[in-house]
Amino acid sequence: MKRHALGLAVGTPLWIPLLLGAKAVRKAQELRARSRGHITFGGDDAYQARDVASDVHTAVMIARVRLSMPPEAFEEVVARVEASFRPWFDDLAASIQRPDDVVFQEPLLIADRVEQPELGEQPLLARIIISRDDQTILLMGNHIYLGGYLLSQFVQIVFCAGISRDVFERNPYLPLVTEAMMVGFLGWYSLLKPHPATPLFARKEQVRRFYWKQPLAPIDALSDELRLNTLYIVIARHVHAVMTHLGKDRLRVTLPVSFKSDTSFNTVGGMLLDIDAAPDEATLARNVREQVRRWRWQVPTTNHIQRTFPTRTWSEKARNMVDLTLTVVPQKTLPENLLLDAVDTYEFTMDSIHYPVYIMAFLFEDSVHTSVMVNAPSFDCEGFMAATGAVEMDLRLRDDETSR
């Protein structure tokens, strides 16, 4: 590791022009594809193109929204989704380069009652299933295509008066500066202190899922008292819960952050944090703030890296070296929200994960809706439920041959 990092440092004058060239080629590819109405997959073109027609169900994600509102108001939601979803879906499907015989699943199903979702034989892009009897809306999407930018639009179709494309900032490209940051990240990554891998379950069917709903008011009160952004408190609270029930006094945490891009499906970057245990929530929240401030440069850098290079092999090797992947979604990503007072629960899961723990925490009006996926036998699930009030979640795909 140290020898590799030394090589990067010594070779920096050589690496930067090479990265400049690679970035220029990728930028040209994105612009050329955009002029033809397509979106590119960044550095993972070969894998993604192959996955379109074959193993398309490895990255399925599902959100379940339960509403509570008068029937006539729910019918207005149904009509709005019908009007806006199909045009958005058709535009997105047209932007994906694929063989002529590959047709995505029918995107919309409206019925009086819908049971557990299941996958069909056709590739999944995005699908909304509406169940009138219990006012439940299921959003099913393929994470290969729906990263942060497009995923936010997908959710806005249900919640918002219209689709906003400006909820995230663009990731600027600054020649030489961006390349220097890329070299710096690769060198920093090589020098990371060894982090023990956490054993995972042998089969994805063993993964356990939980839903944890918390009132936002106490979090906002602590935020005001400490003069810290609410997001730092939310991150600290989830890190503490995982640290406690995974039995560790240090967690390696990935915080994904989304960018706006109309030319690439690679719209997410992330920062890697090593967070130590703290005596109280306030201290932990301050530590999180300092770590985020120190390492925030990694977010645009990692996004540029994955838009330029085929990083899938790297990430697969490194996944189990991360204890927790935590995505926090603030309410501002849903502008002009029409369902502020109608949401009862908001649950999220994925068909499979490759981390010990994955968490999606969604801040919505007066609550934090947290969905937890546990892929580690060492995690004390019963203790976690007892301490937090979380409940086991039944949101998953039907376990049959079509969902593998």
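The values are calculated or read from the model by the stated rules, or taken from the named source; none is laboratory data. Being a predicted model, the structure only gives us computed values, none of them experimental. Ideal geometry is used to build each Cβ from the backbone, glycine not excepted, and the neighbour counts take in all protein chains shown.
Contact map, region 193-220: residues that are closer than 15 Å to residue 322 by Cα paired with residues that are of a type in the set (Asp, Glu) and assigned to a loop (DSSP other than H, G, I, E, B), Cβ distance under 9 Å, separation 6+ or inter-chain. Pairs shown: 195/323; 198/323.
Going by the conditions given, is residue 22 under 30 Å from residue 348 (Cα atoms), at pLDDT 60 or above, aliphatic (A, V, I, L, M) and surrounded by 15 or more Cβ atoms within 10 Å (Cβ to Cβ)?
Values: under 30 Å from residue 348 (Cα atoms): no; at pLDDT 60 or above: yes; aliphatic (A, V, I, L, M): yes; surrounded by 15 or more Cβ atoms within 10 Å (Cβ to Cβ): yes.
Taking the combined requirement at face value, the residue does not satisfy it.
Among the residues making up region 116-150, those that are in contact (Cβ under 8 Å) with a residue 60 or more places away in the chain, out of contact with any helix residue (DSSP H, G or I) (no Cβ under 8 Å at 6 or more places or on another chain) and of a type in the set (A, V, I, L, M) are 124, 138, 140. Taking the criterion of being in contact (Cβ under 8 Å) with a residue 12 or more places away in the chain and part of a helix (DSSP H, G or I), the residues of region 82-115 that qualify are 82, 84, 85, 86, 88, 89, 92, 93, 94.
If you go through region 336-360 and keep only what is assigned to a strand (DSSP E or B), under 15 Å from residue 61 (Cβ atoms), in contact (Cβ under 8 Å) with a residue 60 or more places away in the chain and not charged (D, E, K, R), you end up with 346, 348, 349, 350, 359.
Considering (1) outside any strand (DSSP E or B); (2) under 18 Å from residue 356 (Cα atoms); (3) of a type in the set (Ser, Thr, Tyr), the lone condition that residue 223 does not fulfil carries the number (2). Collect the residues in region 93-130 that are over 19 Å from residue 59 (Cα atoms) and of a type in the set (Val, Ile, Thr), keeping them in residue-number order. Within region 93-130, 110, 114, 130 qualify.
Here the condition is being among the β-branched types (Val, Ile, Thr), under 17 Å from the mean Cα position of the chain (by Cα) and assigned to a helix (DSSP H, G or I); of 288, 299, 292, it holds for 299 alone.
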